[in-house]
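Data block below; observations after.
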Amino acid sequence: MQIKKHIYSFGYDNTESDLCKLESRYIFKKEEKNKLLLSDIKAEPSSSAFIKKRLDVISFSKDYATLINEIKKESICMEGFKVEYLVFDGDTTEYAERLKKLKDIGFSIEGNPDYYNPIITYALCYYEGIWCFGILIKNNLSWYKHKEKPCSYSNSISINIAKALINIATKTNKEKTLLDACCGVGTIMLEACFAGNDIEGCDINWKVCRGARENLSHFNYTANVYRSDIKDISKRYDAAIIDLPYNLFSCATDNDVLHILESTAAITDRLVIVSTADITNLISKTGFVIVDYCSVSKRGKTNFARKIWVCEMKG
Ligand SMILES: C[S@@+](CC[C@H](N)C(=O)[O-])C[C@H]1O[C@@H](n2cnc3c(N)ncnc32)[C@H](O)[C@@H]1O
């Protein structure tokens, strides 16, 4: 019987399904399925907008009674614990039975439970014929604070996409240096800083640069924002994210887009590009190859979609 060290559960709406799968390919090297994923890779739930919970498996068994014995053998002694039942796809256990099982677990742990302010949360689940018990880590949503950034911008990308772009660009490696080539008010930069990556931003518009600096300092993050045309940046980065201009506020011709793409391509070997238009023909002119792709439509606006290309330098 094979079980991985961690069981992840995900939450997203239909419009974000492909983005969640794209992100999960770069965090876990495989896609989540039915909002669940088993992996030996340990990822912080709050590093993604889509990971809801991670169960660190302590014991598992096909047989429930054996699982309870295994838990008892662990001799867990813990004050202020809580136990939750995770209902996964395919688990038909009735509510009353689930409560009974939670009690069984509670009696297998030494110490007093605390349902309201637990120090640690354990969980039980039934997945593909196997009972699993472990420690439950939830997405603490502390990154929600970025929703209250002081400077906003009508062309800003959503936080969910921004977090995914960081994971896709860095493959969750905190050592990777990043450039946000068209940073606007720094939505993507905030998520890189939260993730612990070094990022710098560049934007041709001084007003949004000022906004990005204000947003970063509001959350006590330190990162350079250059008021510059991207062509004047010569420093190299491990990866660059380009959220290309669109609509009336920051419109761009094919020539402008190609200028931004070629200037950024000159200072990195990995690009993650966001655009509302299909620019595959322009990307091919940069010498980069498209290695992955997805499209994210806006909730309630099916005719507005952002396309995301992951590109690498040829050879
Ligand atoms: C879609 S917006 C980016 C929004 C940003 N991701 C945010 O969430 O605030 C595109 C940005 O590209 C900038 N831009 C356009 N041409 C540029 C260039 N040549 N070099 C640098 N930035 C440029 C625009 O000023 C605009 O702020």
Checklist line | Check on Val274, of a type in the set (A, V, I, L, M), within 11 Å of the ligand (Cβ to nearest atom), in a helix (DSSP H, G or I) and on the phi < 0 side of the Ramachandran plot | finding: no
Check: Within the bounds of the stretch 290-302, is there any residue that is under 19 Å from Ala240 (Cβ atoms), at pLDDT 95 or above, surrounded by fewer than 13 Cβ atoms within 10 Å (Cβ to Cβ) and among the hydrophobic types (A, V, I, L, M, F, W, C)?
Finding: yes
Margin query: I'm checking my understanding of the structure. Among residues of the stretch 233-266 that are under 22 Å from Lys176 (Cα atoms) and surrounded by fewer than 17 Cβ atoms within 10 Å (Cβ to Cβ), which one is farthest from the ligand (Cβ to nearest atom)?
Written below: Arg236
Next item on the list: Go through the stretch 14-44 and give me each residue that's touching a helix residue (DSSP H, G or I) at 6+ places or on another chain (Cβ under 6 Å) and without any contact (Cβ under 8 Å) to a residue 24 or more places away in the chain.
Entry: Glu31
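Before we move on, is Ile188 within 7 Å of the ligand (Cβ to nearest atom) and either part of a helix (DSSP H, G or I) or in contact with a Lys or Arg (Cβ under 6 Å, 6 or more places away or on another chain) (or both)?
Values: within 7 Å of the ligand (Cβ to nearest atom): yes; either part of a helix (DSSP H, G or I) or in contact with a Lys or Arg (Cβ under 6 Å, 6 or more places away or on another chain) (or both): yes.
Considered against the rule, which asks whether it is within 7 Å of the ligand (Cβ to nearest atom) and either part of a helix (DSSP H, G or I) or in contact with a Lys or Arg (Cβ under 6 Å, 6 or more places away or on another chain) (or both), Ile188 comes out as yes.
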Note to self: Among the residues of the stretch 138-159, are any within 30 Å of Tyr64 (Cβ to Cβ) and surrounded by fewer than 23 Cβ atoms within 10 Å (Cβ to Cβ)?
What the structure shows: yes
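Quick one: how many residues across the stretch 77-96 are without any contact (Cβ under 8 Å) to a residue 40 or more places away in the chain and surrounded by 11 or more Cβ atoms within 10 Å (Cβ to Cβ)?
Qualifying residue count for the region: 4.
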Margin query: If I filter the stretch 211-219 for residues that are assigned to a loop (DSSP other than H, G, I, E, B), small (Gly, Ala, Ser) and within 13 Å of the ligand (Cβ to nearest atom), do I get at least one hit?
Written below: no
Note to self: Taking the condition of being within 15 Å of Ala49 (Cβ to Cβ), polar (S, T, N, Q) and in contact (Cβ under 8 Å) with a residue 40 or more places away in the chain, how many residues in the stretch 135-174 meet it?
What the structure shows: 6
Check: Within the bounds of the stretch 189-198, is there any residue that is buried (at least 20 other Cβ atoms within 10 Å of the Cβ), assigned by TED's automatic domain parsing to the domain that holds Thr222 and among the polar types (S, T, N, Q)?
Finding: yes
Margin query: Being surrounded by 17 or more Cβ atoms within 10 Å (Cβ to Cβ), in contact with a Pro (Cβ under 8 Å, 6 or more places away or on another chain) and either among the acidic types (Asp, Glu) or assigned to a strand (DSSP E or B) (or both) is the requirement here; does Tyr8 meet it?
Written below: yes
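The values are calculated or read from the model by the stated rules, or taken from the named source; none is laboratory data. Fair warning: this is a prediction, and the values are worked out from it, not measured in the lab. Every residue, glycine as well, gets a Cβ built from its backbone with ideal geometry; the counts of neighbours run over all protein chains shown.
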